[in-house]
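Novice: Next up is a structure, given as structure tokens.
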Amino acid sequence: MARKLVGRVVIATHNPGKLKEMRELLEGYGVEAVSAAELKLPEPRESGMSFAENARIKARAAAKAARLPALADDSGLAVTALSGEPGIHSARWAGKDKDFARAMRLVEEKLHRANAKTPEQRRAAFIAALCLAWPDGSDQCFEGRVEGTLVWPPRGDKGFGYDPMFLPDGFERTFGEMDAEEKHGLPPRGRGLSHRARAFLKLAEACLG
């Protein structure tokens, strides 16, 4: 049986973009969110082999350190022509300075070398795993994904990460061109379009009531 989240939760991230999205998703559920950065919690080594494993590592570490329930996200871009890369290493491609313009150029260079020119050859998916952990070591994980194609040059200055080059199926604007409500707004106002929103809807149904 799913465990219900009430009161306060630690968002186990030091990424301002992810923190902003998570706080917006939690609005309306009566849950107070504080970030791992605000609590000055260390970032654990992400040694997992999947998004869910890495989300679990971060959530458990934050829950143990803060002695509060903790919610962690691990997400990334999986490009079909690149055998799923950058995948769980999506953030690492941006380097220590989090230069995602450089990371997007690297994706494009690899696609060029793979001779991936048509939309069908440039398929990709954004994948997100959310893990909710408690100080006693128990946890629950949920995954969401959204399919699309990669465009070049990148379009839009909204969102973060690889958003400006990701065009979700059925839309004419990239994630980088969408405002927050369109990208990850929840029903009834939004469509729950993003990978993180889709994972969050599963978590909300199970743990937020």
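Novice: Inspect region 152-164 for any residue being crowded, with 18+ Cβ neighbours inside 10 Å, modelled with pLDDT of 95 or more, under 30 Å from K4 (Cβ atoms) and under 15 Å from the mean Cα position of the chain (by Cα) and give the result as yes or no.
Specialist: Scanning region 152-164 turns up no residue that is crowded, with 18+ Cβ neighbours inside 10 Å, modelled with pLDDT of 95 or more, under 30 Å from K4 (Cβ atoms) and under 15 Å from the mean Cα position of the chain (by Cα).
Novice: So, in region 172-194, exactly how many residues are touching a strand residue (DSSP E or B) at 6+ places or on another chain (Cβ under 9 Å), in a loop (DSSP other than H, G, I, E, B) and in contact (Cβ under 8 Å) with a residue 12 or more places away in the chain?
Specialist: Number satisfying all stated conditions: 5.
Novice: From the list A61, A81, exactly one residue is in contact (Cβ under 8 Å) with a residue 12 or more places away in the chain and more than 23 Å from P153 (Cβ to Cβ). Which is it?
Specialist: Selected residue: A61, the only one of A61, A81 that is in contact (Cβ under 8 Å) with a residue 12 or more places away in the chain and more than 23 Å from P153 (Cβ to Cβ).
Novice: Also, I was wondering about something else. Would you check if there is a residue in region 173-186 being crowded, with 21+ Cβ neighbours inside 10 Å, within 20 Å of S83 (Cβ to Cβ) and small (G, A, S)?
Specialist: No.
Novice: Failed condition for A197, given (1) touching a strand residue (DSSP E or B) at 6+ places or on another chain (Cβ under 6 Å); (2) at pLDDT below 95; (3) of a type outside the set (F, W, Y), with all others met?
Specialist: Here A197 clears every test but (1).
Novice: Still on this structure, I have one more. For the structure I just gave you, tell me whether A124 is at pLDDT 95 or above and assigned to a strand (DSSP E or B).
Specialist: yes
Novice: For the list (1) polar (S, T, N, Q); (2) more than 21 Å from G161 (Cβ to Cβ); (3) out of contact with any helix residue (DSSP H, G or I) (no Cβ under 8 Å at 6 or more places or on another chain), I need the number of the one condition that S47 fails.
Specialist: Of everything listed in (1) polar (S, T, N, Q); (2) more than 21 Å from G161 (Cβ to Cβ); (3) out of contact with any helix residue (DSSP H, G or I) (no Cβ under 8 Å at 6 or more places or on another chain), S47 misses just condition (3).
The values are calculated or read from the model by the stated rules, or taken from the named source; none is laboratory data. None of the values given here were measured: they were computed from a predicted structure. Cβ coordinates were reconstructed from backbone atoms using ideal geometry, including for glycine residues, and neighbour counts include every protein chain displayed.
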